[in-house]
Amino acid sequence: MNVILLQCTPEPERLVALAARLCYSPAALSDLQEDVSRKDVRKLVRRVLSMGHASVLEHVVFTYGVEGISRATSHQLVRHRIASYSQQSQRYVSAGFGYVTPKTIAEKPLRGKFEKHMKSSAALYEEMVKSGVPAEDARFVLPNATETKILITMNARELHHFFALRLCRRAQWEIREMARRMLAIAWEKAPLLFESAGPGCVRGRCPEGKMTCGDPAGVRGEIAALKAAAR
């Protein structure tokens, strides 16, 4: 898996602070940017985050490039609808067949059967394409493990929501790893905006009820270590 940042809003924390200042100040637009110190930025951003005034985060946008994830994970990803996606097409691109092997399979004797199945699927796909079957139809034999590439654009508010769901230990392992890498990048670019990002137990009680992992302290430690590594 490879996750990179392609673009993000310049000075994201300052922009959020300016948006917050606009909401609570009678100042003219031309005066908004005057005398906004780093201290003011920290104060304004933390205030709106503590108030739950998250709409000002929507002015900040991050665009990521992700490759080497499975179709199983990309199907989960696109359920986050307040975002924009561009994914490599299986209709028009007959790329080399790569696939993702879950650790739970890689560590078992069944791995050989799994790999044999992947090779068989790839061979049948190639045979179909060579025989004239359109790629859009030949792809029906490809498994969920098939690798894909995708470009993701999310605003900072939706990223907070994404991280809250996908960094939970109950999230599927692959999308959780992708979320970890995305948060590390976001935190490096805008640590103030994402200092409280993560699953619900990072900010308070676990929201999962009976489905909790039972180790909120461990989760908080994982997120703290991730953010520390991004510094």
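Just so it is clear, none of the values below were taken in a lab; they were calculated from the coordinates. Remember, it's a predicted structure, so these values are computed and weren't measured experimentally. Positions of Cβ are generated from backbone atoms using ideal geometry, with glycine treated the same way; all protein chains shown enter the neighbour counts.
Each label point was placed 7 Å from the Cα along the Cα-to-Cβ direction; for T104 and E136 their separation is 3.5 nm.
The length gained on full extension between M211 and S196, counted as 0.36 nm times the residue separation minus their Cα-Cα distance, comes to 3.2 nm. In plain terms, the chain from Y24 to V78 could stretch by 15.9 nm, reckoned as 0.36 nm per residue minus the Cα-Cα distance. Considering all C-alpha pairs of the stretch 99-145, those separated by over 12 Å amount to 62%. For the chain, taking a cut-off of 4.7 Å between Cβ atoms, the unpaired cysteines are C8, C23, C168, C213. Each peptide in 122-129, 11-18, 203-210, 168-175 receives the mean, over its residues, of other Cβ atoms within 10 Å, and ordering these scores from highest gives 11-18, 168-175, 122-129, 203-210. With K and R counted +1 and D and E -1, the other residues having a Cβ less than 13 Å from that of P109 yield a net charge of +2. If R0 is 45 Å, the Cβ-Cβ spacing of R46 and V93 corresponds to a FRET efficiency of close to 0.50. Applying a threshold of 28 Å to the alpha-carbon distances of K103/K210; K43/K210; K116/K149; K149/K210; K116/K210; K149/K189 flags K43/K210; K149/K210; K116/K210 as lying beyond it. Selection among A135, C8, L167 by position relative to the dipole of the chain gives L167 as farthest towards the positive end (Cβ unit charges, Cα centre).
The Kirkwood hydrodynamic radius of the chain, based on inverse pair distances between different Cα atoms, is 20.0 Å.
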